[in-house]
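No value in this document is a laboratory result; all are computed from the given coordinates. What you are looking at is a predicted structure, and each value in this text was computed from that prediction instead of being measured. Heads up, the Cβs are rebuilt from the backbone with ideal geometry, glycines too, and the neighbour counts pull from every protein chain shown.
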Amino acid sequence: MDNCIFCKILHDEIPAQKIYEDSEVIAFNDINPAAPVHFLIIPKIHVASLMECGKTHQQILGKMLLLAPTIAKEQGCTDGFRTIINTGRVGGQEVFHLHIHIIGSKNRLPAMIHKD
Ligand code: 5GP
Ligand code: ZN
């Protein structure tokens, strides 16, 4: 996809700190990390968000989710981590190429959504 920043990263058109790559997915560190470990797992096919996924994406979604703990452990998250997929306007999605955030720290992360 033209003008998709994550497509540009996966085609090496803009730099990123890649930490994993295979024929279907890449993982790279978030440019503005929310915690000591913060990386994104993206599919090599361009799909805008989880909302746009269908049956044909079942395999890649499963693969991305299963890679999360494997790469997280390699990155030092041996005692857990948080997995976030922001979807659409309400979800606060900023980059419209499907991605899973993996966020980890030595200490317990703050609550994701504060209840009033
Ligand atoms: P979203 O809100 O769409 O779920 O999150 C997009 C994430 O992508 C943000 O955490 C942001 O810091 C990250 N990001 C945006 N542009 C770039 C970039 O050019 N390189 C990298 N490595 N991360 C980016
Ligand atoms: Zn893309």
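Descriptive notes on the structure:
- Scope region 96-109; condition without any contact (Cβ under 8 Å) to a residue 60 or more places away in the chain and within 9 Å of the chain's Cα centre (by Cα); matching residues: LEU98
- Flag for ASN3 being in contact with a Lys or Arg (Cβ under 9 Å, 6 or more places away or on another chain) and within 14 Å of ligand 1 (Cβ to nearest atom): no
- Any chance ALA111 is surrounded by 17 or more Cβ atoms within 10 Å (Cβ to Cβ) and of a type in the set (A, V, I, L, M, F, W, C): no
- Among the residues making up region 58-82, those that are more than 16 Å from PHE39 (Cα to Cα) and surrounded by fewer than 14 Cβ atoms within 10 Å (Cβ to Cβ) are GLN58, GLN59, GLY62, ASP79.
- In region 35-57, residue farthest from ligand 2 (Cβ to nearest atom) [restricted to those that are of a type outside the set (S, T, N, Q), exposed (fewer than 15 other Cβ atoms within 10 Å of the Cβ) and farther than 12 Å from HIS97 by Cβ]: PRO36
- Among (1) within 14 Å of ligand 2 (Cβ to nearest atom); (2) surrounded by 16 or more Cβ atoms within 10 Å (Cβ to Cβ); (3) not basic (Lys, Arg), the one test that ASP12 misses: (2)
One line per residue, one yes/no per condition, for (1) more than 13 Å from the chain's Cα centre (by Cα); (2) in contact (Cβ under 8 Å) with a residue 40 or more places away in the chain; (3) closer than 17 Å to CYS4 by Cβ:
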site: ILE26; (1), (2), (3): no, no, yes
site: MET51; (1), (2), (3): yes, no, yes
site: GLY54; (1), (2), (3): yes, no, no
site: LEU66; (1), (2), (3): no, no, no
site: ASN86; (1), (2), (3): no, no, yes
site: VAL90; (1), (2), (3): yes, no, no
site: GLU94; (1), (2), (3): no, no, yes
site: ALA111; (1), (2), (3): yes, no, no
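- Selection within region 83-108 - more than 10 Å from ligand 1 (Cβ to nearest atom), closer than 17 Å to ILE60 by Cα and buried (at least 16 other Cβ atoms within 10 Å of the Cβ): ILE102
- Some residue of region 65-84 being within 16 Å of ligand 2 (Cβ to nearest atom) and charged (D, E, K, R): no
- Hits in region 25-57 - residues which are of a type in the set (Asp, Glu) and more than 30 Å from LYS106 (Cα to Cα): GLU52
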